[in-house]
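Nothing in this text is a laboratory measurement; each read-out follows from the coordinates by a stated rule. Just so it is clear, the model here is predicted, and its values are computed rather than measured. Methodologically, a virtual Cβ is constructed for each residue, glycine included, from the backbone with ideal geometry; neighbour enumeration extends over all protein chains shown.
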Amino acid sequence: MADLPLPVSWSVDPLAPGFLDDRHAGYAFLRRQHPVFLSEHSVGAGRPTWFLTRYQDVRRVLADNRFLRFPTRPSAPPTAAGDADALRFQGVIDHWLIYLDGSSHMRLRRALQRAFSKIEPTLKEVVDQEVAGALSGLAEGETADLMARYAMIVPARVMCRILGLPRLSLADYFEWNGAFLRALERTNGLTSWQEAGRAVSELEAALSDQGLARLGDESSEFVDCLRSAAELDGSTSAAAVMANIVLLLMAGFETTAFLIGNAVSCLLNHPEEAALVRQTSSCAGPAVEETLRFEPPVQVTYRSLSEAVEIGGVTLPGGAMIGLVIGSANRDESVLPAADRFTPRLQRRSHLAFGVGPHACLGAGLGRLEAATAISRLFAEFPRLRHDGTGRDWRMSLTFRALESLPVVL
Ligand code: HEM
């Protein structure tokens, strides 16, 4: 067995300050020199955190259900003991599909899959309408932040329609989503957990009969189907259904918004590819697919193990956190030639942007549809679309590859 890799300079430690200054250079170094890397920092309650950066290692762990999700879920700070709001949010997270394992995960996933396949035939129309609605707020020649004015709006409106809340204000949606995210960032304290718990109560009120009468036109086919699939299964409680509606509100929103933003940005940086999308709308799909490989919105996901396991010649101890660096795996040159180039025409679909295995993304089809529609319609409607010259603003996040703003001239 190879020696344990020694922690190297802070700048190539994904959890160290400075790594995000050039994450792709950091990934490339780790893939070559330290493919199984022990961070000097921790993402979870002081537990050692290891990062895997090579395609084959990341894929193997994603596909293997011995690697667990539940132990990786964030927990309320110790000061939350007895606090009803903070504990409400913890109760919600504990039911989330993304953090379940084994048979409880399988049962809930089946119920959600049933609900998604029920609404599948209606999605294209909903997405077309919401893209058209968002485009109608933009005018040729104006300078606009495309994240705020377009990329964030399309998936938020689509999720409101799917969840049966078409008249929910986007301000409320963004506020709840922000509250959940702040609590999930492991560095934030009790206040953020209390705010997230209160946001859950507000969402519950919106989804109650009274709220639906105010915010919905008709009941949601998706939520109804999810409720009856859960009842049929018998082991999924009403609380679990509610908790996973909270999850979908988040999972179906920013990831897709980031994908739209990253795709526009990649295309504006590659004018010859943008020209193809402008001329032929069917080129938008391959451009989105290549964005998923090249700048995947979800860069890292975590797993844990109950016992020690060997990966790449290194023994990872039981209880460790394992960071699977999707953003690095997708650029692994030993698997994907010219991995550092944005080339939609190569149609590389073997990327890991939606995960693989038991937890593979349930909204991949919807995310692809939204992004491809949003991109093709945007470039057709605004043929002179360009960066406004002030530069892009990447979010300082290891987990997400996301633009805070994308200033363009339409
Ligand atoms: C388009 C951008 C999206 C990206 C890049 C993305 C990425 C991912 C990834 C990487 C995972 C797997 C995480 C893991 O294995 O640890 C995942 C899971 C999941 N995603 Fe997405 N997602 C996107 C859109 C969506 C949408 C639109 C929805 C719902 C409407 C959604 C719902 C989910 C759910 C429910 C899971 C959990 C599956 C499970 O644990 O069994 N995602 N997503």
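So here's what we get for this one:
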item	result
For peptides 284-293, 265-274, sequence by mean Cβ density within 10 Å, most packed first	284-293, 265-274
Per-residue HN-Hα couplings for the range 27-42 [Karplus 6.51, -1.76, 1.60; θ = phi - 60°; Hz; x = Gly/Pro]	4, 4, 4, 5, 4, 7, 9, 9, x, 10, 10, 8, 6, 7, 10, 9
Cα-centred dipole magnitude for the range 10-409, charges only on beta-carbon of K, R (+1) and D, E (-1), debye, nearest 20	940 debye
Cβ-based net charge around residue 44, under 10 Å, with every Lys or Arg adding one and every Asp or Glu removing one	+3
Least to most buried among 184, 248 (fewest other Cβ within 10 Å first)	184, 248
Counted charge near residue 212, where neighbours are those whose Cβ lies closer than 15 Å (Asp, Glu -1; Lys, Arg +1)	-4
Residues whose placed amide H lies under 5 Å from that of residue 405, excluding near-sequence neighbours	393
Over the chain, relative contact order from alpha-carbon pairs under 8 Å, at least 6 apart, %	24 percent
Cα shape, the chain, gyration tensor, a/c 1.5 rule	oblate
Positive-end residue, the chain charge dipole about Cα centroid, Cβ charges, pick of 11, 256, 102	102
Separation in nanometres of the label points that stand 7 Å from Cα toward Cβ, at residue 341 and residue 75	4.9 nm
Ranked by how many other beta carbons lie within 10 Å on average, peptides 136-149, 317-330 from highest	317-330, 136-149
Among 347, 129, 210, residue whose mean-square fluctuation peaks in a GNM of the chain (springs only between Cα atoms under 10 Å)	210
